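Written below as structure tokens is the structure these notes are about.
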Amino acid sequence: MLPGADILILGAGVVGLSAARRLSALGAKVTVLDAADPGGRGSRAAAGVAIPSVRLFDDPVMLAFARAGRATLAEDLATLPEGDRLRRGNGILRIVPDAKARDALAAKAEGDAEGLGTWRDAASLVTIEPALEGTPLFGAFETGQGHLVDTDGYVDALLKDAARVGVSVRRGVAARGVTETSTGVEVQTEAETLRADQLLVCAGPWSSTVAGMPTLPLKPVRGQMLVVHQPGLRLTRVVSGPTYLAPWRSGEIVVGATEEDAGFVEQVTPAGLLHLSATVAKLAPRLRDSRFVRAWAGLRAATPDGRPYIGRHPDMQRTFIATGLGGQGILTGAHTGALLAELVARGHSAAAEPFAPSRVSTGSPSRTGG
């Protein structure tokens, strides 16, 4: 169908913009709609932790997907203007509370080519990260494969590059309904009806809320995050466990993130702040009296089996969907966009097959706009 095809994308986050840039470069006419302004609501709310979760050691397909995402993200940061400035910190400390947990984590990663890295006991942790002085941790596995991404800067860089290659991005324009016809797809907004040959839905947890689209099993998961600052006390690595501490802007430290089934309610709560504050107090006692900087909440999209949806919508002919990246959205978003672009351009992507939305049952069309 390319070049010259009209393609409409819902969502100006990392996934949508990554797909848009690639399809436009192949000759398609691409328009991106985003209900928010400046766009990329879900992507911008993320703290930007770009490391494969240890949970993925239980799913080799997802672990490979996350590592492919890391490679595509590294390519973005290397080629986007000022992309090298979007990285924060260098390396990961995967923390464990005791010897039993250390052995269990090592067993989970056994046979993996990259593994967990080098073991460090508690004393050596404090040597490389003084902010952890007084921690009750048993130790951590250290690897250089991980960092944080400035999510606002990343989305802004993608927006600029999308404009450079001819993508039209319309922010503050919400899709109120979707209708497939015999010749294409129609998307209704408050002001007009837009027509395209293909529709790509990359709207995170809001991807199943557009009227006219059959719903997929997808739910929002709220994550609350907290930023603190104490002059003279910094982190240089991501300290990763059930929650994490990581280097933020201007020497600040971000703490995250909760995982809450709270629907589409994006708000900071006393319970969330208490949980994050307890993480600070336990893992880095020296930060207990640090200055509170800010807190916020964002939504991730989660699927029942933990794998994203990337592919043609099972109940539609001209509509593709890419969502359900969970807490790995910044790490795998650009790779997901690349797979989606390959599917649209070529009609097939072997790498996307494990994530085909056709693997699940769908519901009736949504009746409410998103």
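The values are calculated or read from the model by the stated rules, or taken from the named source; none is laboratory data. Given the structure is predicted, the values throughout are model-derived calculations rather than measurements. Because the Cβ atoms are built from the backbone with ideal geometry, glycine has one as well, and the counts that use them run over all protein chains shown. Please note that ligands, DNA and RNA were not included when accessible areas were found on the heavy atoms of the full protein model with its side chains. Shrake-Rupley method; radii C 1.70, N 1.55, O 1.52, S 1.80 Å.
Here are some notes:
- Average projected area [Cα convex hull, the stretch 213-370], square nanometres: 11.2
- Area of Glu133 that stays accessible when all protein chains are in place (1.4 Å probe, Å², to 10): 90
- Helix 60-79 and the longest principal axis of the Cα set of the chain meet at an angle near 80°.
- Largest accessible area first, the residues Thr236, Thr269 order themselves as Thr236, Thr269 under a 1.4 Å probe with ligands, DNA and RNA left out.
- Rounded tilt (10° steps) of 99-108 against the dominant C-alpha axis of the chain: 30
- Of Phe292, Phe141, Phe355, the residue with the greatest mean-square motion in the GNM of the chain, using alpha carbon springs below 10 Å, is Phe292.
- For the stretch 269-370, averaging the sequence separation of C-alpha pairs within contact (under 8 Å, six or more residues apart) and dividing by the residue count gives a relative contact order of 23 percent.
- Efficiency of FRET between Arg170 and Thr79 - r from beta-carbon atoms, R0 35 angstrom, step 0.05: 0.85
- Here the accessible area is traced with a 1.4 Å probe on the protein chains. For the chain, carbon and sulfur cover 50 percent of it.
- With the helix formula -39500 (n - 2.57) applied to DSSP H stretches of n ≥ 4, the chain reaches a computed 222 nm mean residue ellipticity of -8500 deg cm²/dmol.
- Summarised as an ellipsoid, the stretch 147-259 has semi-axes of 38, 19, 11 Å, derived from the eigenvalues of the Cα gyration tensor scaled by 5 and square-rooted, with the largest first.
- Computed on the Cα atoms alone, the convex hull of the stretch 291-345 gives a volume of 115 cubic angstrom per residue.
- Label zone at Ala356, where the point sits 7 Å out along the Cα-to-Cβ direction: the stretch 299-342 residues whose backbone N lies under 17 Å: 307-323, 339-342
- Taking only the Cα atoms of the stretch 6-141, the radius of gyration and Dmax are 19.4, 59 Å.
- Under the criterion of Cα pairs below 8 Å and six or more residues apart, the relative contact order for the stretch 129-264 equals 20 percent.
- Under-5 Å amide H pairs with His313, H placed in peptide plane, nonlocal only: Thr319, Phe320, Ile321
- The angle between the Cα long axis of helix 14-25 and the main principal axis of the chain comes to about 50°, on a 0 to 90 degree scale.
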